[in-house]
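Novice: Could you have a look at this structure, given as structure tokens, before my questions?
The values are calculated or read from the model by the stated rules, or taken from the named source; none is laboratory data. Treat the numbers as computed from the prediction; the structure is a model and nothing was measured. Here the Cβ is made from the backbone with ideal geometry for all residues, glycine too, and neighbour counts use every protein chain on show. Heads up: the accessible areas ignore ligands, DNA and RNA and are worked out on the full protein's heavy atoms, side chains in. Shrake-Rupley method; radii C 1.70, N 1.55, O 1.52, S 1.80 Å.
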Amino acid sequence: MTERRENLSYEKFGRAVRELAQSIADDGYEPDVVLSIARGGVFVAGGLAYALDCKNIHLVNVEFYTGVGTTLAMPVMLAPVPNLVDFSDKKVLIADDVADTGKTLKLVHDFCTGHVAEVRSAVIYEKPHSLVKCEYVWKRTEYWINFPWSVEPPVVRRTGE
């Protein structure tokens with residue numbers, strides 16, 4: 001028996017990002033910076049930045065998931081870590097593909113808090129058990145998500161990293 005999954009195609013992803021951006025615009029939020037959580041958030045951040053006409057994009061690398069349903073004990077920011085001075089007095093929109101446990105989003109949100117004018121989060125999917133309740137969510141689900149960029153195995157497997 002197969003576990004039910006959300007399947008997101010590239011076409012559906014394009015609509016999802018556009019709808020997510022529209023909800024942000026309708027809310028009147030105009031971010032000065034879109035902060036992408038790599039890797040899945042890179043796709044979301046790029047689409048949101050274009051749709052919201054925000055040219056200032058930063059990236060933070062966070063390692064947490066090590067496989068389907070397997071994680072490190074806690075998420076860890078990897079170098080290079082963004083310089084908080086770049087976010088001073090800015091409205092920051094954190095973008096990621098999914099708020100699953102919410103631990104990664106919480107780490108990045110806490111990193112920004114107290115150093116920025118305002119911080120909000122936008123995701124394509126949010127799970128009901130997420131520690132972080134995002135301000136902007138395209139869809140809520142309890143299922144594992146097959147994203148178009150991660151459903152196929154890597155073309156090359158890196159070893160020793």
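Novice: On the given criteria, is Trp149 in contact (Cβ under 8 Å) with a residue 12 or more places away in the chain, in a strand (DSSP E or B) and open to solvent by 20 Å² or more (accessible area, probe 1.4 Å)? Even if it seems obvious, please write down each step before you answer.
Specialist: Values: in contact (Cβ under 8 Å) with a residue 12 or more places away in the chain: yes; in a strand (DSSP E or B): no; open to solvent by 20 Å² or more (accessible area, probe 1.4 Å): yes.
Answer is no for this residue.
Novice: Could you say which residue among Arg18, Arg39 is in contact with a strand residue (DSSP E or B) (Cβ under 9 Å, 6 or more places away or on another chain), open to solvent by 70 Å² or more (accessible area, probe 1.4 Å) and among the basic types (Lys, Arg)?
Specialist: Only one candidate passes the filter, namely Arg39.
Novice: Output yes when any residue across the range 15-37 is closer than 15 Å to Phe147 by Cα and among the hydroxyl-bearing types (Ser, Thr, Tyr), and no when none is.
Specialist: Checked against the condition, which is being closer than 15 Å to Phe147 by Cα and among the hydroxyl-bearing types (Ser, Thr, Tyr), the range 15-37 yields no hits at all.
Novice: Looking at the range 117-130 only, could you name the residues that are surrounded by fewer than 19 Cβ atoms within 10 Å (Cβ to Cβ) and either β-branched (Val, Ile, Thr) or assigned to a loop (DSSP other than H, G, I, E, B) (or both)?
Specialist: Scanning the range 117-130 gives Ala117, Lys127, Pro128, His129.
Novice: Return the only residue of Leu52, Leu59, Leu105 being within 25 Å of Ala117 (Cβ to Cβ), out of contact with any Gly (no Cβ under 6 Å at 6 or more places or on another chain) and open to solvent by 40 Å² or more (accessible area, probe 1.4 Å).
Specialist: After applying the criteria, what remains is Leu59.
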